[in-house]
1. Can we say GLY167 is under 20 Å from ARG41 (Cβ atoms) and in the same structural domain as LEU60 (by TED's automatic domain parsing)?
2. Can you name the number of the only condition in (1) more than 16 Å from the ligand (Cβ to nearest atom); (2) under 17 Å from the mean Cα position of the chain (by Cα); (3) over 16 Å from ILE142 (Cβ atoms) that PHE327 fails?
3. Where residues in region 149-159 are surrounded by fewer than 24 Cβ atoms within 10 Å (Cβ to Cβ) and more than 13 Å from the ligand (Cβ to nearest atom), which of them is farthest from LEU106 (Cα to Cα)?
4. Restricting attention to region 158-202, which residues are over 21 Å from VAL145 (Cβ atoms) and among the acidic types (Asp, Glu)?
5. Do any residues in region 42-67 that are farther than 12 Å from LEU14 by Cα have Cβ atoms under 6 Å from those of residues that are part of a helix (DSSP H, G or I) and more than 15 Å from the ligand (Cβ to nearest atom), where the two are at least six apart or on different chains, and which pairs are they?
6. Check ASN39 against each of (1) touching a residue at least 40 places away in the same chain (Cβ under 8 Å); (2) buried (at least 22 other Cβ atoms within 10 Å of the Cβ); (3) away from the ligand (no atom under 14 Å from the Cβ) and name the one condition it does not meet.
7. Can you confirm whether LEU87 is in contact (Cβ under 8 Å) with a residue 24 or more places away in the chain, closer than 24 Å to LYS8 by Cα and not basic (Lys, Arg)?
8. Has region 318-331 got any residue that is free of Cβ contacts under 8 Å to residues at least 12 places away in the same chain, farther than 25 Å from GLY183 by Cα and in the same structural domain as LEU132 (by TED's automatic domain parsing)?
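The values are calculated or read from the model by the stated rules, or taken from the named source; none is laboratory data. Worth saying up front: this structure is predicted, and the values here are computed from it rather than measured. In this analysis, Cβ positions are derived from the backbone assuming ideal geometry, glycine residues included, and neighbour counts consider all displayed protein chains.
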Amino acid sequence: MKSWLTKKYGLEHLQLVEQAVPVPEPKQIVIRNRAVSLNYRDWDLLTGQYSGAHTLPLVLASDVAGEVVRVGSEVRDFIVGDRVTGLFRQHWLDGEPDAKAFASSLGGPLQGVLSEYVLLEEKGALKTPAYLSDAEASTLPIAAVTAWTALVEDGQLQPGETVLVQGTGGVSIFGLQIGKALGAKVIAISSSDAKIKRLQSLGADGSINYIATPKWDKAVLDLTNGRGVDHVIEIAGGESLQQSIQAIRTGGHIAVIGYLNNKIAPLDVTSLLWKRANVRGVTVGPRRSFERMLEFFARHEIHPVIDATYSFAETPKAFAHLGRGAFGKIVIAD
Ligand SMILES: NC(=O)c1ccc[n+]([C@@H]2O[C@H](COP(=O)([O-])OP(=O)(O)OC[C@H]3O[C@@H](n4cnc5c(N)ncnc54)[C@H](OP(=O)(O)O)[C@@H]3O)[C@@H](O)[C@H]2O)c1
């Protein structure tokens, strides 16, 4: 089978190689990869900036959907031909993650999914809902589960509350879609007016261009009559975290997810305590959260927003697009 392998950091070092098709252990399955979606994490890894555990050579990418082609002797949940979607952390089933869960992340430290055939744990795969294509399903394991954890599992978002999403990447667009489906108001910030138009067509109730309005936290307060938002999807880190504290209502919830600006965030501690803000780190979510999210997505017929689809042969082009930033998700599917 063909795999895209990274032996050295850098887009120019992505290499198409021939590897053996994996053979399942008793509680594992092998799937024919039908679609992979990329995450910012994959770019971080490819460019040598990712600080989490991994070693090269590594097949990158974590999110995959496909069709079961072989099952281990003790597998009961699947039969050959089932459509499935992978779980990012193969051994994180519920509760808080332990070392075993972290060690089971696809695409670092485990080998990733940019191969024609992919080995998954039986419990590390979920049946793909019939209403979703494989390309759509492949976008869910990291970005959608992260937004779901932030707003629903941790945030307990209620109808009528207000959510702030930052930028138009995978996590934020899912945050917008989940927020709207739950009856929340969503304010979005983006670097581009053209993207803001697209955000409005997806239902954003308020929008701010953070390049034209660098003090976007003040603009958020203006849009909420000085009260502030109930939830923030904080994907930028750095100085943005302080701005999120300014933009949150007293007692509101900030889900700290990303670090597109900076991993280090300067903070005025007094602003945090006066706001009594709940600042909670997110690291995707377990299988149980993914299951609850799939039920919710199916009930609301939520279709992921896919910016572009590349063929398996065009994988380096897909990564280049990821590096430029996508509106929603980038998919690799033939
Ligand atoms: N903790 C977790 O569980 C978890 C899970 C998934 C992702 N993440 C992290 O979350 C971040 C986003 O991931 P993603 O996969 O959604 O990324 P992505 O799809 O690559 O999103 C990139 C988009 O983010 C926006 N952006 C960039 N810099 C920004 C800034 N300073 N302020 C506001 N928006 C900014 C841009 O949109 P505009 O041009 O519209 O501004 C850009 O197109 C990354 O740091 C990633 O590592 C963490």
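1. Values: under 20 Å from ARG41 (Cβ atoms): yes; in the same structural domain as LEU60 (by TED's automatic domain parsing): no.
For GLY167, the condition - under 20 Å from ARG41 (Cβ atoms) and in the same structural domain as LEU60 (by TED's automatic domain parsing) - is not met.
2. Here PHE327 clears every test but (1).
3. PRO159
4. ASP193
5. Listed pairs, sorted by first residue: ALA65/ASP134; ALA65/ALA137.
6. (3)
7. On the way: in contact (Cβ under 8 Å) with a residue 24 or more places away in the chain: yes; closer than 24 Å to LYS8 by Cα: no; not basic (Lys, Arg): yes.
The answer is no for LEU87.
8. Filtering region 318-331 down to residues free of Cβ contacts under 8 Å to residues at least 12 places away in the same chain leaves 324.
Subset that is farther than 25 Å from GLY183 by Cα: 324.
From what is left, the residues that are in the same structural domain as LEU132 (by TED's automatic domain parsing) are 324.
The answer is yes; a qualifying residue exists.
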